[in-house]
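Let me begin by presenting the structure, written as structure tokens, before commenting on it.
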Amino acid sequence: MLKPMAETRTELQFRHSLPFGPIVRPDGVQFVVYSRNATALRILLYDRPDAKKPSKIIPLTQDRDRWGDVWSILVPGIQAGQLYHLQADGPFAPSQGHRFDGEACLIDPWAQALTGDFRKISKQFVLPPKCVVVDDHFDWEGDRHLRHDLADTIVYEMHVRGFTQHHSSQTQHAGTYLGVIDKIPYLKSLGVTAVELLPIHEFPTNHHDGTNTNKNYWGYDTLNFFSPHRGYAFDQTPGAQVREFKQMVKALHAADIEVILDVVYNHTCEGNHLGPTLSFRGLENSVYYMLENDQQYFKNYSGCGNTVNGNHPVVREMIFHSLRHWAHNYHIDGFRFDLASILSRDQAGNLLQNPPLVEMIAEDPLLSDTKIIAEAWDAAGAYQVGSFGDSERWVEWNGRYRDDVRRFWRGDHHMQGAMATRLSGSSDVYQPSGRPPICSVNFITSHDGFTMNDLVSYNKKHNLANGENNQDGDNNNYSDNHGFEGPTDDPAINAVRTRQIKNLMTTLMLSQGVPMLVAGDECQRTQGGNNNAYCQDNETSWFDWNLVVENSGLVRFTRALIQFRRTQPTVRRTEYLTGEPNHDDNLPDVMWFNADGTRTDWTIDKAPLICWLSAPVKSDISDLHGRDLLILMNPLEIALDFTIPTQAQSLHWSMFVDTSAPAPADIFPMLDGPGFEPSGIVQMTSKSTLVFVSTSELISAMMDSKIKKRTV
């Protein structure tokens, strides 16, 4: 009997399935790297995060360690915690798309953690952060994705560092993942069901020349797609961010709050042809990036110098595996794709009808219980709101909702029709492609632009502190300062600003679709008129927790609106309003009226609106728990008398919201506010909203009517 042949080196490495990056094996660490045009690779091993030189260099050669375009080597005697870089020899031929640099220390595109900062070693040489070999073990104690229905979702967009970095946060873990855990009771008290985190994929904390002149507070400048940002870890031990990020997710899940990541797969921090060689560029530039026809320069659909080549099969696989990595290793519940239209472009930059990557994300069975949200435009003019991805799996930030709601409450001309459509779920945007209203993520503010306080306090952006001569940021904000630019002691101006914030918040929470609010809008957080605070890692951007106390009335108002939304199916429909009579009570699901109580004339300029939303009727009486709503909106700068529609005057109503009243009379969380006068005339302050809800008497009457119908 022949003895089995000794296992060869290559057989040893490929007896396992083949992911990329560092894989911890019982006898060492296997490194797997993709590069088509490299002529040789090296693994540089380090003993310390601050080490300037490697302690050991492991060479890989074409004849011994390469299979196709995959390079692999098992390094015995090392384990989790090992620090390393990659280094690649190959052609530096920009006219052919190649930018190899055999002296550059490279970050592994599949590294699962980084440590340290950029270190300037000499005039020409900068050492990037080091990669960390990670042991993924973590005791999740049975934690799983929460799987909240989109119709029940309320998104809270926040920045991990900014949420607790301000001294007023009173946490020992300021600016970190653990700091977020400390503030979960506040998030829970608001009632939000999901936090959408600004980018936590690894990005530079200081400049690639080794200086501290970092302008990347938001994090939209990705360095690595598999690593949580090291700068948000409390424990600075290499790899500790992996554990602390998982602790944060686990704690949020325990509070029934989902975690959605804002992901940036459209560009990287390597920039244009003048940028540094840090990772992708030094391993396979012509594959990872879209290049111009001359191959020397980068296509720039992102506005940031380069564009990731997302529909190249190799890059598509990397992005796809990155999503799975976060969904399964970190239990992430969803993703918001920055400049998602770039993912629809082919390698030449053309928009595809059925982009492979977009379709793969929507159809992947292992991502099927996550939420996927598109920012359905890019910096090169693509605008796909309403049509992104050709699948109900994709939901979208609704930029038209943002603009139309702002313009209606500002008092622009002929906006009542647009406002009615946005309040009803934006059927004009989503219904033509067969998508329900829950495909619309409704927002009035986001990280990108004015805060809600600044939206009603400034006519123009004030971005001088960014150092770009106020040339950055959007000029088209649909904002209004109401008589004075910035903070004022004028009580009349402050009163209308407060009403406007409440008007906007009420509209957001009573609209069909999925609402998203920005951290701090519930307590009048200001950025001093800066509408592009991407580089402001200071009190301009940080959440000032003193405002939660100072503006406790607005916090209470927002909390009550969220609670109402979560309990009322009337404002959480999964089908569009039709205006057709209901088959049981003969009431249309929605009716629109002028201020005088007559049916709306949509041609009137600058007209107030009355909306009557009828509660959805269930076949089972026990499910009949919705309330009818009467929403009275006066966007004008004058007070008006509104007449309750005749059909509604005989029913029982209680006030829920009065944005013109001081707290606590501005909202009635128990739905027990006063009704209106027998005359049916309601006096409304300028720029204000009144919301009435049907009372229990009405519900009882409707139930009695149903019972009579069943017994006849």
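Rule-based calculations on the coordinates, nothing more; no lab input. Small disclaimer: the values here were computed from a predicted structure and weren't measured. Please note: Cβ atoms are built from the backbone with ideal geometry, for glycine as well, and neighbour counts cover all protein chains shown.
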Mean separation of Cα contacts under 8 Å, 6 or more apart, over the residue count of the stretch 9-132: relative contact order %: 24 percent
Exposed GluC sites (Glu not before Pro) absent: longest stretch of the chain, with sites in DSSP loops and at most 16 other Cβ within 10 Å deemed exposed: 142-291
Which of Arg497, Arg316 has the fewest Cβ neighbours within 10 Å, and the rest in rising order: Arg316, Arg497
Convex hull volume per residue in cubic angstrom - Cα atoms of the stretch 9-132: 106 Å³
Fully extended contour minus Cα-Cα distance, from Gln172 to Met360, at 0.36 nm per residue: 63.5 nm
Efficiency of FRET between Ala51 and Arg324 - r from beta-carbon atoms, R0 35 angstrom, step 0.05: 0.60
Cα-based helix-to-principal-axis angle, 552-567 vs the chain, degrees rounded to 10: 90 degrees
Antiparallel bridge percentage (DSSP; both residues within the stretch 60-211; nearest 5): 75 percent
Sequence of Arg525, Arg119 once ranked by neighbouring C-beta atoms within 10 Å, starting from the fewest: Arg119, Arg525
Stokes-Einstein translational diffusion, the chain - Kirkwood Rh over all Cα pairs, 0.890 mPa s, 25 °C, in µm²/s: 89 µm²/s
Angle between the chain longest axis and helix 313-324 axis [Cα atoms, degrees, rounded to 10]: 60 degrees
Peptide ranges 474-481, 322-329 listed from the most packed, as the mean C-beta count within 10 angstrom indicates: 322-329, 474-481
Relative contact order computed over the stretch 150-570 (Cα-Cα under 8 Å; 6+ residues apart), in percent: 16 percent
Neighbour-count ranking [beta-carbon atoms within 10 angstrom, fewest first] of Ser552, Ser424: Ser552, Ser424
The stretch 213-290, relative contact order [Cα under 8 Å, separation at least 6], %: 28 percent
Antiparallel content of DSSP bridges confined to the chain, in %, to 5: 70 percent
Per DSSP, loop trypsin sites (Lys or Arg not before Pro) in the stretch 131-195 with at most 14 further Cβ within 10 Å: Arg144, Arg147
Phi to ³J(HN,Hα) by Karplus 6.51 cos²θ - 1.76 cosθ + 1.60 over the stretch 586-591, Hz, x for Gly, Pro: 6, 9, x, 6, 8, 9
Between 0 and 90°, nearest 10: helix 491-510 axis offset from the chain longest Cα axis: 80 degrees
